[in-house]
């Protein structure tokens with residue numbers, strides 16, 4: 001068994017498509033009727049599909065972790081593209097237009113003391 005892809009419900013497929021491609025650097029793999037958008041980043045495939053996404057606080061929902069070997073450089077590149085990010089230790093937090101959460105990290109860095117988006121240490125979240 002293996003994971004094939006991740007599906008994210010979006011309220012506006014075309015706006016989300018632009019965000020993921022132009023802001024985050026995803027590659028377009030397919031566009032079915034302008035509603036079902038297939039994207040990839042590295043070896044991971046994401047399907048943006050029509051739906052009713054729920055905007056939940058970070059600590060109450062899933063998130064997708066984006067890895068980079070150059071956290072500072074990637075942060076600057078994304079910021080130049082207009083991506084809003086909040087720093088918490090060695091991690092940057094990002095939300096897409098529908099409120100889906102992402103973390104940008106360098107996996108080689110120590111994340112044991114990172115703050116979450118609420119400013120709390122992960123050790124203090126119950």
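Among the residues of the range 19-26, is any surrounded by fewer than 16 Cβ atoms within 10 Å (Cβ to Cβ) and under 14 Å from residue 7 (Cβ atoms)?
Taking every residue of the range 19-26 in turn, none turns out to be surrounded by fewer than 16 Cβ atoms within 10 Å (Cβ to Cβ) and under 14 Å from residue 7 (Cβ atoms).
Filter the strands (runs of 3 or more DSSP E) completely within the range 32-103 down to those with at least 2 residues that are assigned by TED's automatic domain parsing to the domain that holds residue 21 and out of contact with any helix residue (DSSP H, G or I) (no Cβ under 8 Å at 6 or more places or on another chain).
Per the criteria, 36-41, 44-50.
The values are calculated or read from the model by the stated rules, or taken from the named source; none is laboratory data. Everything numeric here is computed off the predicted structure, so don't read it as measured data. When we count neighbours, we look across all protein chains shown, and the Cβ atoms used for this are built from the backbone with ideal geometry, even at glycine.
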